């Protein structure tokens with residue numbers, strides 16, 4: 001957990017905008033991973049196995065929460081903070097861009113959200129294939145389309161600002 005904790009926090013942030021709900025989701029992911037450890041057979045890498053469980057847990061938790069609440073979760077502040085030592089104006093612009101990107105990611109359908117988060121975490125297409133169950137060519141095609149949609153969405157948000 002110590003090694004993958006930053007990535008799991010980013011994953012939770014891609015699913016939950018609210019800090020409290022994000023903490024709850026992170027705990028659900030940690031618990032799911034703890035429970036799944038005895039079943040790890042080594043057929044996939046530890047990394048892809050972990051991401052598959054984490055994403056499935058996040059998707060299930062979001063579906064359950066939506067059924068309970070009957071509405072979408074509102075956007076609040078991002079979990080990612082620019083380093084304090086940066087120029088304040090630059091840090092503010094970076095924070096705004098990160099928030100726009102995360103807002104756009106949160107609006108994606110679950111499979112697209114999963115693919116882009118795994119890609120942003122640096123997983124190869126082969127690793128994403130193992131986690132998502134899609135072929136590498138399908139992953140490449142979908143990621144290209146997702147990046148285009150995200151770029152267009154962020155540009156529209158910037159124009160409105």
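The values are calculated or read from the model by the stated rules, or taken from the named source; none is laboratory data. From a predicted model like this one, the values you see are computed outputs, not experimental measurements. Cβ placement follows ideal geometry from the backbone for every residue including glycine, while neighbour counts extend to all protein chains displayed.
Please state which one of 143, 118, 101 is over 24 Å from residue 158 (Cα atoms), at pLDDT 85 or above, in contact with a helix residue (DSSP H, G or I) (Cβ under 7 Å, 6 or more places away or on another chain) and not in a loop (DSSP other than H, G, I, E, B).
Answer to the check: 118.
Could you tell me how many of the residues in segment 11-31 are over 17 Å from residue 63 (Cβ atoms) and modelled with pLDDT under 90?
3
For residue 34, are the conditions met, namely being at pLDDT 85 or above, surrounded by fewer than 17 Cβ atoms within 10 Å (Cβ to Cβ) and assigned to a helix (DSSP H, G or I)?
Numbers: at pLDDT 85 or above: yes; surrounded by fewer than 17 Cβ atoms within 10 Å (Cβ to Cβ): yes; assigned to a helix (DSSP H, G or I): yes.
Taking the combined requirement at face value, the residue satisfies it.
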